[in-house]
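Have a look at the structure below before the remarks.
The numbers here are math on the coordinates, done by the rules we state, and not lab data. None of these values were measured; they are calculated from a predicted model. In this analysis, Cβ positions are derived from the backbone assuming ideal geometry, glycine residues included, and neighbour counts consider all displayed protein chains.
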Amino acid sequence: MYRKSGALYCNSLRLLKLTLILEKERERASMKAREDIKAKHIEIGIPKREKEEIDPILRGVINYFDDTKGYGFIKTADDENFFVHQNNISGEPAKGKKVQFEKEKGAKGWAAVRVVIE
């Protein structure tokens, strides 16, 4: 009986040693992974913007405008449509009025900004 418990004790010690060795290896691997990522590898700065052409003032006609919703569309001579919000219009917008505006890239496409009714 003493032999069996002694063998069991030896096996337990071996298992404990292997567990400790594995834990040390894991710790070394994680330390190495942390060392590999250094501040010099991380790019910090302001994202570069795509070069946009500075557009001249465009001209068009209010094609559609909904006063209750506060937005509409301006159509240019080139048949381009631009979304416009009432906050970007100086004056009273109405269908058929001629306008001058600049365009800006919005979340859903081009939008008319700084709109002036002629």
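In loop segments of the stretch 73-118 as defined by DSSP, the trypsin sites (Lys or Arg not before Pro) with at most 12 further C-beta atoms inside 10 Å of their C-beta are LYS95, LYS108.
What shape does the stretch 58-117 have by the C-alpha gyration tensor, where a ≥ b ≥ c are the square roots of the eigenvalues, rounded means a/c under 1.5, and otherwise prolate means a/b greater than b/c and oblate the rest? Rounded, since a/c falls under 1.5. A straight chain from TYR64 to ILE21 at 0.36 nm per residue would run longer than the Cα-Cα distance by 8.0 nm.
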